[in-house]
Structures are given as structure tokens and as C-alpha cells.
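Please find one structure pasted underneath; my questions will follow.
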Amino acid sequence: MAARTARRLVQSTIREALTQLDERVLAPLGVRFERPALVSFLFHGVFESRSEVESGVVHPQEAMTTSDFEQFIEYFSGAGYRFVSVAEIERGLDEQGRYVCMTFDDGYASTVRIVDLLRAYSVPAVVYVSTSYVESGKRYWWDTVWDERLRRGTSASEIAREIGFLESQLPEAVDRYLAREFGPSAARPKSDLDRPLTARELGELAKEEQVTIGNHTADHVVLAGLDAELARTQLEDAQLYLERALGTPPTSVSYPEGAYDAATLEVARDLGFASGFTTVRRRERLPAGPQLLELGRFQLRRSTSPTRQMRAARSELRLADAARGALRHRTG
């Protein structure tokens, strides 16, 4: 156990060093050789201010405020990228273009805050919803862990390990764990920051011209390594709920935690999904057809300059991502 922990620490340190090299040194060179591609980004909630980010009520994830999102849109628009919807991706993109796709996972109520920007800039986005949270209205379990542990003085790294452990558990086991650790009331949202969309809000969001709704499983269960029938049930249940609620089934899926395997892809194909998003940090070469169920996404880290990270996502030179790919190949 100690050896494994030490190995992960060394790997993490090397990746961070390579990331800094990518962002500070290689990216300014790499963008000079920028080629046509699709670059997609993963977001979660939308904050109005830094005080909301630091409130501790919700896991900050990318810690993006509405002002940050406006800068994001203006940066890529200024760099000659066109924002595209998943429908456009599924139909096929011109191979000579540069494109960005904005994706939001989970279905936080705060996602509706992005709508005004999407309208103002005529920019599309896709929101992937874990439907059991919409039905129950309960707090996302990782936000419960984050909030409760933070208030008890637990370090962010320890909380991350606890969340990592719970990600591998089934929903019933997670619910029992939370009730035992924090009490039955801990699952109640504390504000609009940590609650899911209501059914009414989901319906209104789906009517927005710039918004597409996608499938993020019923219970936000990690699908990689999951029994194929359980994986099918998670995707089917969410698909049926969204079809009943919105009148049409989604064509796109986002795999929780970006985790998937061959069995996941087989189920996704059987259910008729035309596109699927992972968390592999990758620029998609065009045409993206062969990769449509395994599209990569970048996730901005809250600890580093967003502008440097966005420039690095445009770069053709990214040692840190190459190292991650090599590690996945060795351990996959």
C-alpha cells in the first residue's frame, strides 16, 4: 500500500511538472502549429462570484464564474474557433475548421446561469443530466462529502481520496455511507449552488435554442468495470426519464468521471447514442467519426491561470497529456 501511494505521488509530481512545462513553455510554440480540430471542455456548476466558489457548500470543481465563462468564449472566438453543438459534431464537421464544444455534467441548478451568455454570444452548449437527482431533489453526494468534511477541518487531499473511494461504490452503498457518517439530513441541498435542476427547470432549459440535453446515467454511476446489465439499466433509465420529460431521447452521453470500457461502448451503441464524451484530454482530429463515442475533453484546473490552460488546449505540444496516455496504456 505504501509503495503504491509513493508511486502515485511520484507520478502526480511528474505530471504536474510536465503540465507546467506545457503551459508556460511549450504552448506558446505549439499554437504556432495549430491544426484543424475539435476541442471540448468539461464544466459543472456556474458561480456568480468568488465568494460562492469559496463558500464550501459545493465542491468548486473548475470554479468558473459567469465572468470566467465570458472570457472563455471571447478567448476561443478571438482565436478563430467556432462553438458547435453535439448535433453538429454528430452530423460531421468541416475538416478544415477549428471548433469548441462546451459541456456541463451532472445537471446542477446553477447551470441555468450560463443561458444569458449563450444567448448573447449565440454559443451552443450541452448539459448532461443524472436524472435520479432531478427526481429526488437530493444533494449530489460528493458535495455532501466536501461540505461536511471541510467543516470538520479535513484537508482537500483527504477529501479527494474519500470521494475517489466512493466513486467505485453503487448508489445504495454511498447513501448508507453518507447517512452513517453525516446523518440523514446531510443529503438535503443547502442552496441553489448544490442542488440539481428541478423537473420544471430542466424542461425550461431544454427549450433554449442553444442548449442540448444529454444522458449522464440515472445515478451518476461509474460505468467502467460495471456489470453490463447494470450499466444498461443506468443509461436506459436516464434515457426513458429524459424522453418522457422532454419528448425526445438524447443522442449524446457523458460517461460519469469520464470512465468507460469496451462493454460501456457496446451498451452505448445498442442504445443508439451517436456521441459520447470521456475525460481524456485530447484534441480530436477531423473527421471525428471513428471517435464519436470516445470524444475527449479538457477540464480547467482552478489552481492555474485559465488563459494558460486554454492556450495549452490549443497547442499541438502537450507532454503531460502524452504521459497520461502512456500511463493509461500501461494500466488499462
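How much FRET efficiency would the formula 1/(1 + (r/R0)^6) give for S51 and E266, where r is the Cβ-Cβ distance and R0 is 51 Å, rounded to 0.05?
0.65
Next up: Among the GluC sites (Glu not before Pro) in the stretch 185-221, which ones are in a DSSP loop with at most 15 other Cβ atoms within 10 Å of the Cβ? Mind listing them?
E209
Still on this structure, please answer the following. Mind checking which helices in the chain clear 24 Å along their axis (Cα) and have mean Kyte-Doolittle hydropathy of 1.0 or more, DSSP H runs only?
none
Place a point 7 Å from Cα of R151 in the direction of its Cβ. Which residues in the stretch 170-190 have their backbone N less than 13 Å from it?
Correct set: 182-190.
Separate question: Using DSSP to define loop residues, name the trypsin sites (Lys or Arg not before Pro) in the stretch 104-155 whose beta-carbon has at most 11 other beta-carbon atoms within 10 Å.
Hits after loop and neighbour filter: R152.
Turning to a different aspect of this structure: Hey, with R₀ at 30 Å, roughly what FRET efficiency would R91 and A228 work out to, going by the Cβ-Cβ distance, to 0.05?
After rounding to 0.05, the efficiency reads 0.55.
Can you give me the distance in nm between label points at T65 and R35, each placed 7 Å from the Cα along the Cα-to-Cβ direction?
If labels sit at T65 and R35, their model points lie 3.9 nm apart.
Could you give the length gained by full extension between E172 and E316, i.e. 0.36 nm per residue of separation minus their alpha carbon distance, to one decimal place?
47.5 nm
Turning to a different aspect of this structure: R0 = 22 Å: FRET efficiency of E243 with R119, Cβ-based, nearest 0.05?
After rounding, the FRET efficiency stands at 0.25.
Every number in this text was worked out from the coordinates using simple rules, so none of it is lab data. None of these values were measured; they are calculated from a predicted model. Glycine also receives a Cβ, built like all others from the backbone with ideal geometry; neighbour counts cover every protein chain displayed.
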